[in-house]
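J.: Pasting in a structure now, in structure tokens, and then I'll have a few things to ask.
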Amino acid sequence: MSDHEPLECPFCGGDAEALDLRAAWCVACSKSGECGAYGPMRDTEAEAVTAWNAPILERRKLKAALGDAVTAMRVFHGEPAWDIYWNNSPECKRIREALEASDESK
């Protein structure tokens, strides 16, 4: 996949496509009758795809960081200790808050 291809729709998981609206570009979910999600208008196709993909990529990074932190604690302290880390670690708290904020923006 190139940097200029839209990622899947963050709401329904459907394919997304860049649309040339003549005066601007945007990316929209291809399930327009079912989902209707669309990204911000931009001057170029590349800018529209970047704007669509950015929050999806950020969410993936947050989920990966969370998974890495939990896995590290499970390995280091053993399975029962990971939830203590999850509930008390400042790093995990920041990740949880970012994920919750991301979920609220959907």
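The values are calculated or read from the model by the stated rules, or taken from the named source; none is laboratory data. Not measured: the values here are computed from a predicted model. Every residue, glycine as well, gets a Cβ built from its backbone with ideal geometry; the counts of neighbours run over all protein chains shown.
J.: For segment 32-49, name all the residues that are free of Cβ contacts under 8 Å to residues at least 40 places away in the same chain and within 15 Å of the chain's Cα centre (by Cα).
T.: If the condition is that a residue be free of Cβ contacts under 8 Å to residues at least 40 places away in the same chain and within 15 Å of the chain's Cα centre (by Cα), then Ala37, Tyr38, Gly39 are the ones that fit.
J.: Of the numbered conditions (1) surrounded by fewer than 12 Cβ atoms within 10 Å (Cβ to Cβ); (2) at pLDDT 85 or above; (3) outside any loop (DSSP other than H, G, I, E, B), Asp68 satisfies every one except a single condition; which is it?
T.: Asp68 satisfies every listed condition except (2).
J.: While we're here: Just give me the residues in segment 31-52 being among the hydroxyl-bearing types (Ser, Thr, Tyr) and over 10 Å from His4 (Cα atoms), in sequence order.
T.: Applying the first criterion (among the hydroxyl-bearing types (Ser, Thr, Tyr)) to segment 31-52 yields 32, 38, 44, 50.
Result: Ser32, Tyr38, Thr44.
J.: If you take the residues in segment 77-106 that are among the hydrophobic types (A, V, I, L, M, F, W, C) and modelled with pLDDT under 70, which one is surrounded by the most Cβ atoms within 10 Å (Cβ to Cβ)?
T.: Looking at the filtered set, the residue picked out is Trp82.
J.: Being at pLDDT below 95, closer than 14 Å to His4 by Cβ and of a type outside the set (Asp, Glu): is that true of Leu57 here?
T.: Answer is yes for this residue.
J.: Follow-up question, since we're still on this one. Going residue by residue through segment 30-47, is there one that turns out to be among the hydrophobic types (A, V, I, L, M, F, W, C), closer than 25 Å to Leu99 by Cα and outside any loop (DSSP other than H, G, I, E, B)?
T.: No, there is no match, as no residue in segment 30-47 is among the hydrophobic types (A, V, I, L, M, F, W, C), closer than 25 Å to Leu99 by Cα and outside any loop (DSSP other than H, G, I, E, B).
J.: Let me ask something else about it. Examine segment 48-62 for a residue that is touching a Lys or Arg at 6+ places or on another chain (Cβ under 7 Å), crowded, with 16+ Cβ neighbours inside 10 Å and over 26 Å from Glu100 (Cα atoms), and state whether such a residue exists.
T.: No, segment 48-62 has no match at all.
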